[in-house]
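> Mind having a look at this structure? Questions to follow.
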Amino acid sequence: MQIKHKRYLLCNTFVNMAKKFACGDVVNGCGWSIVAKDETELFQRISEHAKKVHNMAEIPDKIIQQVKSKIQDA
Ligand SMILES: [Zn+2]
């Protein structure tokens, strides 16, 4: 019981770690950047930005991999 509780706390801390991403790391010349409370929100904001600014209705897998490799802890 105690161990389970600890694991939950650890997991929760990890999920809630703030993340940041600069679009210019993947798209040359783009000055947009984002700090989000977790990875889920980050990806949500990134896909909104990609749709609006970079005309990507869906983000290609290749770009997602690049984005993932550039995400940093905020
Ligand atoms: Zn951009």
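The values are calculated or read from the model by the stated rules, or taken from the named source; none is laboratory data. These numbers were taken from a predicted model, which means no experiment stands behind them. For neighbour counting, all protein chains shown are included, and Cβ atoms are generated from backbone atoms with ideal geometry for every residue, glycine included.
> Of a type outside the set (Ser, Thr, Tyr) and modelled with pLDDT of 90 or more: which single residue out of Ile3, Ile46 fits that description?
Only one candidate qualifies: Ile46.
> Out of the residues in the range 28-39 that are in contact with a helix residue (DSSP H, G or I) (Cβ under 6 Å, 6 or more places away or on another chain) and assigned to a strand (DSSP E or B), state the one that is nearest to Met17 (Cα to Cα).
Ala36
> Give me the pairs: first residue in the range 19-33 and closer than 18 Å to Gln44 by Cβ and within 9 Å of the ligand (Cβ to nearest atom), second residue of a type outside the set (A, V, I, L, M, F, W, C) and assigned to a loop (DSSP other than H, G, I, E, B), beta-carbon distance under 8 Å, and six or more apart or on different chains, which are they?
Cys23/Gly31
> A further question on this structure: Quickly run through the range 40-74 and pick out the residues that are charged (D, E, K, R) and touching a helix residue (DSSP H, G or I) at 6+ places or on another chain (Cβ under 8 Å).
Selection gives Lys70 alone.
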